[in-house]
Every structure is written in structure tokens, then in C-alpha cells.
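Shown next, in C-alpha cells, is the structure this report addresses.
The values are calculated or read from the model by the stated rules, or taken from the named source; none is laboratory data. Quick caveat: nothing in here was measured; it's all calculated off a predicted structure. Cβ coordinates were reconstructed from backbone atoms using ideal geometry, including for glycine residues, and neighbour counts include every protein chain displayed. Please note that ligands, DNA and RNA were not included when accessible areas were found on the heavy atoms of the full protein model with its side chains. Shrake-Rupley method; radii C 1.70, N 1.55, O 1.52, S 1.80 Å.
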Amino acid sequence: MSDAMQMIVAGYVRVRDQRALIDLLTHRGKVLSELQAVSGINPANAISVVRDEIDQIETGIKELKPPPGLVRERLG
């Protein structure tokens, strides 16, 4: 994965911007779908990079979720 994507995800995690991470994940998902639909060339390297980026973004999103039991469920 690129250092740039690692820095972007780390920045969003640091400022706790889950919306930005979800938007980034959505965008990368679209890019992956488009790459998988390409014909005439072999996009395997690009697909691998995008999958790695998606993994990093998902890890960042998981870091923003509180551990189970930390947040009490709201009653009534």
C-alpha cells in the first residue's frame, strides 16, 4: 500500500472522522469494481493495490469503534 493512503487513514483515525473513512472506503470499492470489469489489459497490480488500501481503511474504521461493553446501550 502507498504511504499516502496510510497517512490519510491515520489522519482520519486521529481526528476520529469515521464519515471520511466510510466515504473513502466507498470510493475505493467503486474503483475496485471498475478495475475488475476492465478487459483488454491485466489490471492485477492495480487491483492488488486497491484491495490493500481497502484493508487499511477497514482497519481504520475498526479502530474508531469502541470496544464491546465500553458504551452502555440506551434504555427506552
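Here is the figure for the stretch 5-15: residues that are out of contact with any helix residue (DSSP H, G or I) (no Cβ under 6 Å at 6 or more places or on another chain) and open to solvent by 60 Å² or more (accessible area, probe 1.4 Å) total 5. Contact annotation: residue pairs with Cβ atoms under 6 Å, 6 or more positions apart or on different chains, pairing a residue in the stretch 6-21 that is over 10 Å from GLU63 (Cβ atoms) with a partner that is open to solvent by 70 Å² or more (accessible area, probe 1.4 Å) and aromatic (Phe, Trp, Tyr), are ALA20/TYR12.
Within the stretch 1-45, can you find the residues that are over 15 Å from ASP55 (Cα atoms), part of a loop (DSSP other than H, G, I, E, B) and not acidic (Asp, Glu)? If the condition is that a residue be over 15 Å from ASP55 (Cα atoms), part of a loop (DSSP other than H, G, I, E, B) and not acidic (Asp, Glu), then VAL15, ARG16, ALA37, VAL38, SER39, GLY40, ILE41, ASN42, PRO43 are the ones that fit. For the stretch 1-29, the set of residues classified as in contact with a Leu (Cβ under 9 Å, 6 or more places away or on another chain), closer than 21 Å to ASN45 by Cβ and among the hydroxyl-bearing types (Ser, Thr, Tyr) is empty. Do we find a residue being open to solvent by less than 60 Å² (accessible area, probe 1.4 Å), charged (D, E, K, R) and at pLDDT 95 or above anywhere in the stretch 35-52? No; the residues of the stretch 35-52 include none that is open to solvent by less than 60 Å² (accessible area, probe 1.4 Å), charged (D, E, K, R) and at pLDDT 95 or above. Which condition breaks for HIS27 when tested against (1) open to solvent by less than 80 Å² (accessible area, probe 1.4 Å); (2) within 10 Å of the chain's Cα centre (by Cα); (3) modelled with pLDDT of 95 or more? Going through the list (1) open to solvent by less than 80 Å² (accessible area, probe 1.4 Å); (2) within 10 Å of the chain's Cα centre (by Cα); (3) modelled with pLDDT of 95 or more, HIS27 breaks only (1).
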